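Structure, as structure tokens:
The values are calculated or read from the model by the stated rules, or taken from the named source; none is laboratory data. Owing to the predicted nature of the structure, the values given are computational and were not obtained by experimental measurement. With ideal geometry, Cβ positions are generated from the backbone for all residues, glycine too; neighbour counts draw on all protein chains shown.
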Amino acid sequence: MSETTIERMRLFLIESPIKMKRLQGVGNVMGTVKRVLVELTASDGIVGWGEAAPWEVFTGTAEGTLAALQLYLRPLVIGWPVKRIRAAMMAFDKALVGHGEAKVALEMAMLDIVGKGADLSVADLLGGRVRDTIPLSFSIADPDFEADLARMHAMVPAGHKLFKVKTGVKPHREEMANLARMRGDFGDKIDLRIDYNQALPPFGALAILRDVEQVSPTFIEQPVPRNHLDAMASFVAALKTPILADESCFDPRDLMEIIRLRAANAISIKLMKSGGLHKAQATMAIADTAGLPGYGGTLYEGGIALAAGTQLIAATPGISLGCEFYMPHHVLTEDVLEERIPNRDGAVVVPDAPGLGIRVSEHALRANARILAEHPA
Ligand SMILES: [Mg+2]
């Protein structure tokens, strides 16, 4: 019997409107975000979807991702046996350096197809689920803090607990006052996390972080630029609050160096950094061994990539610090899913359906997003 292969690949470079401005240490996002959607059709007719959501100040560009897929990966993808996912990822790595966002988009689409064909979820394919819900973190990043505080006053009574505050964007005294107000209004009902997105120079950072410790955050994420691992290690040694590495930790090699230098107590796992679901699990295996828990981070991903992230976390015990998959419910004005993945009691509910557990509507894609490029046109 011949193997099922990938017969067709369609690519969409899209631009989606967002509801609110986002100020973050590494860069600001306003108005729209760009993403690349991938649709693969297998020779048995099953369709799978993937999504690449690069961010130009963090990983790469959506336009570069589209070119990588269209010019360099398409010739490998067409005709590839759809179940041979690890071999495909090895072939992609051999053909093209970097471009992890393009590769993970293909991997999630292949897993979607294989899952649908076998009536298994992607979490089942990744080892089976160890959790059915994932605590959801909302990021406090609106330049209008009062608007964020009003959101919190609506979300906390609805059961939402995790909030990550993007700091290093406004004057330190103003940020301290905002943090104190959040603790004052909600006390222990919220689990506060802090994310500097590399905003602090190492010189003088420790004094600022000691101030921030006064509001008892669960962790402080990426206080200094990614290459300053010595400074990160000094914070790990000096502070009682755990330090989480995000921009400093893209892949297993970064993580090995972090562990060697004791430069973090936890890491952020993002599919757009790891460039693969299996690669993310491989990174977490190292983190597990070193005793570092993982947090489910994102860039500006839509429903397809977040479905893949949800399936990954469901099947990866070490990613135990929750996820920040709040974009579809709180920030994007549209999405391409027929139904969004439900949030309940401040948590993402892992879908039960096969594959990624979602249904994609091309109608919604064409009606709501701006399609900047499409291959084949
Ligand atoms: Mg971060």
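Ala290 - would you say it is in contact with a helix residue (DSSP H, G or I) (Cβ under 6 Å, 6 or more places away or on another chain), buried (at least 24 other Cβ atoms within 10 Å of the Cβ) and of a type outside the set (D, E, K, R)? Before you say what the answer is, go through the steps one by one.
Working: in contact with a helix residue (DSSP H, G or I) (Cβ under 6 Å, 6 or more places away or on another chain): yes; buried (at least 24 other Cβ atoms within 10 Å of the Cβ): no; of a type outside the set (D, E, K, R): yes.
Criteria not met by Ala290.
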>> What are the pairs with Cβ atoms under 7 angstrom where one residue, in the range 54-68, is under 11 Å from Lys34 (Cα atoms) and the other, located anywhere, is among the aromatic types (Phe, Trp, Tyr)? Sequence gap at least six, or different chains.
In response: Trp55/Tyr300
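Run down Leu126, Leu136, Leu73 and say which single residue is within 21 Å of Asn197 (Cβ to Cβ) and aliphatic (A, V, I, L, M). Give the derivation first.
Values: Leu126 fails: within 21 Å of Asn197 (Cβ to Cβ); Leu73 fails: within 21 Å of Asn197 (Cβ to Cβ).
So the residue among Leu126, Leu136, Leu73 that is within 21 Å of Asn197 (Cβ to Cβ) and aliphatic (A, V, I, L, M) is Leu136.
Okay, residues lined up against (1) modelled with pLDDT of 95 or more; (2) surrounded by fewer than 20 Cβ atoms within 10 Å (Cβ to Cβ); (3) in the same structural domain as Leu11 (by TED's automatic domain parsing):
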{"residue": "Gly50", "(1), (2), (3)": "yes, no, yes"}
{"residue": "Thr61", "(1), (2), (3)": "no, yes, yes"}
{"residue": "Ala67", "(1), (2), (3)": "yes, yes, yes"}
{"residue": "Arg74", "(1), (2), (3)": "yes, yes, yes"}
{"residue": "Val77", "(1), (2), (3)": "yes, no, yes"}
{"residue": "Lys83", "(1), (2), (3)": "yes, yes, yes"}
{"residue": "Met89", "(1), (2), (3)": "yes, no, yes"}
{"residue": "Phe92", "(1), (2), (3)": "yes, no, yes"}
{"residue": "Leu96", "(1), (2), (3)": "yes, yes, yes"}
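Results for (1) at pLDDT 95 or above; (2) in the same structural domain as Thr65 (by TED's automatic domain parsing); (3) closer than 22 Å to Gly296 by Cα; (4) touching an Asp or Glu at 6+ places or on another chain (Cβ under 7 Å), shown as yes or no for each residue.
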site: His99; (1), (2), (3), (4): yes, yes, yes, no
site: Ala102; (1), (2), (3), (4): yes, yes, yes, no
site: Met110; (1), (2), (3), (4): yes, yes, yes, no
site: Ile113; (1), (2), (3), (4): yes, yes, no, no
site: Lys116; (1), (2), (3), (4): yes, yes, no, no
site: Arg131; (1), (2), (3), (4): yes, no, yes, no
site: Leu136; (1), (2), (3), (4): yes, no, yes, no
site: Asp142; (1), (2), (3), (4): no, no, yes, yes
site: Met152; (1), (2), (3), (4): yes, no, yes, no
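Among the residues of the range 249-270, count how many are among the charged types (D, E, K, R) and either closer than 13 Å to Pro293 by Cβ or not assigned by TED's automatic domain parsing to the domain that holds Ser234 (or both).
The initial filter retains those residues of the range 249-270 that are among the charged types (D, E, K, R), namely 251, 253-254, 257, 260, 262, 270.
With either closer than 13 Å to Pro293 by Cβ or not assigned by TED's automatic domain parsing to the domain that holds Ser234 (or both) added as a condition, the list becomes none.
Within the range 249-270, residues that are among the charged types (D, E, K, R) and either closer than 13 Å to Pro293 by Cβ or not assigned by TED's automatic domain parsing to the domain that holds Ser234 (or both) number 0.
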>> Testing Asp246 on (1) closer than 19 Å to Ile313 by Cβ; (2) acidic (Asp, Glu); (3) more than 16 Å from the ligand (Cβ to nearest atom), one condition comes back false. Which one is that?
In response: (3)
> For the range 259-273, what are the residues that are away from the ligand (no atom under 16 Å from the Cβ) and surrounded by 22 or more Cβ atoms within 10 Å (Cβ to Cβ)?
Replying inline: none
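Touching a residue at least 60 places away in the same chain (Cβ under 8 Å) and among the β-branched types (Val, Ile, Thr): which single residue out of Thr241, Thr218 fits that description? Write out each step before concluding.
Values: Thr241 fails: touching a residue at least 60 places away in the same chain (Cβ under 8 Å).
The unique qualifying residue is Thr218.
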>> If I ask for residues that are within 16 Å of the ligand (Cβ to nearest atom) and assigned to a loop (DSSP other than H, G, I, E, B), which ones from the range 274-311 would you list?
In response: Leu292, Pro293, Gly297, Thr298, Leu299, Tyr300, Glu301
